[in-house]
Structure formats: structure tokens, C-alpha cells
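Novice: Dumping the structure here so I can ask a few things about it.
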Amino acid sequence: MSSSESSFTSLMEYCEKEGYKGWDPYDGLNSKIFQATPLRNWDVARLVLIQGCKRSPINFRPILRIPKEYNAKGVGLFLNGYCNLYAMALAGDSRFGQPVDHLSKINMLAELLLSLRSEGYSGACWGYNFDWQARRLFLFPAYTPTVVATAFCASALFSAYEATGNQKYLDVAISSGDFVLKDLNRSACKGGFMLSYSPIPGNDTVYNASLLGAKLLSYCYRYTQNVRYKDAASEIVSAACAGQEADGSWVYGLLPIQSWKDSFHTGYNLDAISHYSTFCDDSSFDVYMEKGLYYYIDNFFESNGTPKYYHDKVYPIDIHCPAQLWVTLSVLGKWEDNEALCGRVMEWTIRNMQDQAGYFYYQLKRGLSSKIPYMRWSNAFMFNAMSYYLLETHGK
């Protein structure tokens, strides 16, 4: 058994044992103790609790009575991962289960995902299972839908439709396009526009969030051939590509405080542009994607397989940094060109970021690292990412 195979088996067993429920880096406001005090109404107190829970290497959640819960994005990541395992099983690779086993998981998780939808919007959409304070400017109540969560969840439902043929999954996924087109705000930007992160006014300056909306619209165009999806996606991609720097990099967002360049959000950008190019049959932005991929590979991974968070700094190494590599290269069709790197990054990640219990750590730092088993951020993300690695390498 290869190291990636045994690693994934341990991860899958852990996640199934936990019933896909868990804690999240940002779930501090779910504390039953905090919610029973007047502090819940003070923005500074909310920020302190969220950041304290997120940054602490010690897990205070049991003491704070923060329950393990389903997170819609996490469920979507698991769902997409099982769809990849199902494709492998159909091709004769049953190391992780027979097709019927994976179909059962796919249907169960898809139905769970449908039950977690946020209500009252123009189309299907999803948010997070906790109140979340972004600086002092934005308070997102639990289940406020976001373009990021919705893109991951709807993409998984498209995959579930391909696996099961269940029309309901397709219809719900397509309806999420109306959420993007009708409920999210737009801001004009460099020949196109940027989407807002949520229906709450503001917060419309982040490239990867806007591009994830374009990715979702590209899926909708693929299945409907309705040009309104393609036209909007094209404007979003155009704005993002206009913001790409000469070396192929993107800053995180348009605001001065969003001027950093990081690994996995760059991977999101490339993934989204690739989906647009493929599903909308438009290669006009491929040169930006190719330049961005070169920058991504050249600046965010060291030769020994160590992933970097920032283009100019290694730490903290977030579990998203190695994981997004395998998804991005698989989606872009660039796996064979970078297969050796993928293997080195996998070996490094298993060796340095997986616990003996099967779960993966949140972040490695130069000092005390956070080894708390977050379900959405770490384990669902790695489950999905490793499924792409296994899909690309099975039979080899």
C-alpha cells in the first residue's frame, strides 16, 4: 500500500467515524457560554473570541461548549471527493470501496447538502454554520450565503448529478446561478465587474471570491447554454485578468490591506479561469492562466516539496497550500508536467501535517503549531484534494 493510499484510508476512516461533523477555525461565536452573555452584542468581543479560537494552538472549544456541526462547504467537499472515488471505482480501482458504496455516500451527502441551503434567495445558496465577524465592518449571521460556499456546494451537486443522474441535483445546482446573478452585488472594475462575497453590501474587492462566482456561472452555461451565464462569467474573468500583475501573480484583493499574494487563493483563481475556458469554450484568457500557473508553481512550492503560504515567506504553512496544488493541476490538465512535484508535496504533507489519528493539521508555524482537527478547513479540503491526486495516479 502506497503512503498516499494508507494516508487517505486513515483520513476517510476518521471523517466517516466523526460523521462529517466537526469544528471550524472561525466557529468561536458558536460558544454556548459566550452566547449566554451580553458580550455577544459587542463587536470587539466577537472579534477577540473568533481570533482567539482561530489562532490558539490549544483547543478551547470543549470548554467554551462549541459543538461539532455540519458545515455546508465541508459537506460539498466530501461529496465531490466521493464522486471522484466513484469514477475510480467504475474504472476498476476499488481500493476505497465499490461503486455501490460510493453511490450510497454520494446520495446521502447530496441530500444533506440540500437540507443545508439558506432560504429566501433567488436561487440555491449556502453559508456557514456560525456567525462570523470580518474586522469591525461586517457581521455575517450564521447561514448568510456566500459566493465561496455556494460555488463549492453547487459544483459538488453538478458532480453528484453526473454520478447519479438525479435531475434534482442538477436543477438545484443550476438555480444557484440565479443567486449569483440576482442576489450578489457588483462593482465595475477594469472592463468587467467584481462580485460581492455575500448579499451584504460591500466586501466586493476579492479576486478569488469573484472568480468562484464565474466558475459557478460557467457550470450553469455548460448545462443550459444560456448566454446570460457566459456573458456575466466573461466580465468577471476579464476584470480579474486585468488585475493580474506582469509576473502572473494576483494580490488577494483591491484594498491596500489586501495586497498580499498567497498560494491557495492563486490556485482558486487558476481553477476558476480554467473552468470558464473549458465550459464556455473561450480561450481568450488562457494566456493569463498560463502565466499565472507558471508563477504559482515557481513561487509557492520549494524543490523538496515544502509548500509556502506567501510568495516571499513559507510560514505559516496552511493545509490549503499543499491541497489546492493537486486540484489546480488536475483541473488545468497540467498533472503530467508536474507529477514529480505533486508526489513530493504529498509526501511532505503526510509526513508533516497528518496526525496518527488520520486527520490533518490546520497550520504549521515556526513556533507552536495548530494541530486542531478542523473538519471543513483541513479534513474535508484534504479529502477532496487527495481524491484528485488518487484519480490522477491510480493505475500508475
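The values are calculated or read from the model by the stated rules, or taken from the named source; none is laboratory data. Quick caveat, the model's predicted, so the values are computed rather than measured. We place every Cβ from the backbone using ideal geometry, glycine too, and count neighbours over all the protein chains shown.
Novice: Identify the single condition in (1) closer than 22 Å to Ser274 by Cβ; (2) out of contact with any Gly (no Cβ under 8 Å at 6 or more places or on another chain) that Tyr207 does not satisfy, given that it satisfies every other one.
Specialist: (2)
Novice: Just the residues that are surrounded by fewer than 24 Cβ atoms within 10 Å (Cβ to Cβ) and either in a loop (DSSP other than H, G, I, E, B) or within 18 Å of the chain's Cα centre (by Cα) (or both), please, taken from region 129-154.
Specialist: Asn129, Phe130, Asp131, Trp132, Arg135, Arg136, Leu137, Pro141, Ala142, Tyr143, Thr144, Val148
Novice: While we're looking at this one, here's another question. If you scan region 100-116, which residues turn out to be without any contact (Cβ under 8 Å) to a residue 24 or more places away in the chain and farther than 22 Å from Ala385 by Cβ?
Specialist: Val100, Ser104, Glu111, Ser115
Novice: Looking for something outside any helix (DSSP H, G or I) and of a type in the set (Val, Ile, Thr) - is there at least one such residue anywhere in region 40-52?
Specialist: Checking region 40-52: not a single residue is outside any helix (DSSP H, G or I) and of a type in the set (Val, Ile, Thr).
Novice: Filter region 14-39 down to the residues that are within 25 Å of the chain's Cα centre (by Cα), in a helix (DSSP H, G or I) and within 18 Å of Tyr143 (Cβ to Cβ) and list them by number.
Specialist: Once the filter is applied, which keeps residues that are within 25 Å of the chain's Cα centre (by Cα), in a helix (DSSP H, G or I) and within 18 Å of Tyr143 (Cβ to Cβ), region 14-39 yields Gly28, Leu29, Asn30.
Novice: Additional query: Could you grab me the full set of residues in region 14-73 that are outside the structural domain of Phe381 (by TED's automatic domain parsing), without any contact (Cβ under 8 Å) to a residue 12 or more places away in the chain and of a type in the set (Gly, Ala, Ser)?
Specialist: Ala36, Ala45
Novice: Let me ask another. Name every residue in region 52-75 that is more than 21 Å from Met382 (Cβ to Cβ) and aliphatic (A, V, I, L, M), in order of residue number.
Specialist: Ile58, Ile63, Leu64, Ile66
Novice: Looking at region 118-165 only, could you name the residues that are under 23 Å from Cys83 (Cα atoms) and without any contact (Cβ under 8 Å) to a residue 40 or more places away in the chain?
Specialist: Just the residues of region 118-165 that are under 23 Å from Cys83 (Cα atoms), to begin with: 124-128, 147-165.
Once the filter is applied, which keeps residues that are under 23 Å from Cys83 (Cα atoms) and without any contact (Cβ under 8 Å) to a residue 40 or more places away in the chain, region 118-165 yields Tyr161, Gly165.
Novice: Would you check which residues across region 283-311 are under 24 Å from Thr224 (Cα atoms) and surrounded by fewer than 16 Cβ atoms within 10 Å (Cβ to Cβ) and list them?
Specialist: Of everything in region 283-311, those that are under 24 Å from Thr224 (Cα atoms) and surrounded by fewer than 16 Cβ atoms within 10 Å (Cβ to Cβ) turn out to be Ser283, Ser284, Asp286.
Novice: Pick out the one residue from Asn208, Asn185 that is in the same structural domain as Gly333 (by TED's automatic domain parsing) and under 17 Å from the mean Cα position of the chain (by Cα).
Specialist: So the residue among Asn208, Asn185 that is in the same structural domain as Gly333 (by TED's automatic domain parsing) and under 17 Å from the mean Cα position of the chain (by Cα) is Asn208.
Quick grid of which residues meet (1) closer than 23 Å to Ile236 by Cα; (2) more than 20 Å from the chain's Cα centre (by Cα):
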position	(1), (2)
Ser259	yes, yes
Asp262	yes, no
Tyr268	yes, no
Asn299	no, yes
Gly305	no, yes
Ile319	no, no
Trp326	no, no
Leu332	yes, no
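Novice: Follow-up. With Val327, Val331, Val314 as the choices, which residue is farther than 23 Å from Tyr361 by Cα and of a type in the set (A, V, I, L, M)?
Specialist: Val331
Novice: Looking at Ile63, Ile58, Ile106, which one is among the β-branched types (Val, Ile, Thr) and part of a loop (DSSP other than H, G, I, E, B)? Reasoning before the result, please.
Specialist: Details: Ile63 fails: part of a loop (DSSP other than H, G, I, E, B); Ile106 fails: part of a loop (DSSP other than H, G, I, E, B).
On inspection, the qualifying residue turns out to be Ile58.
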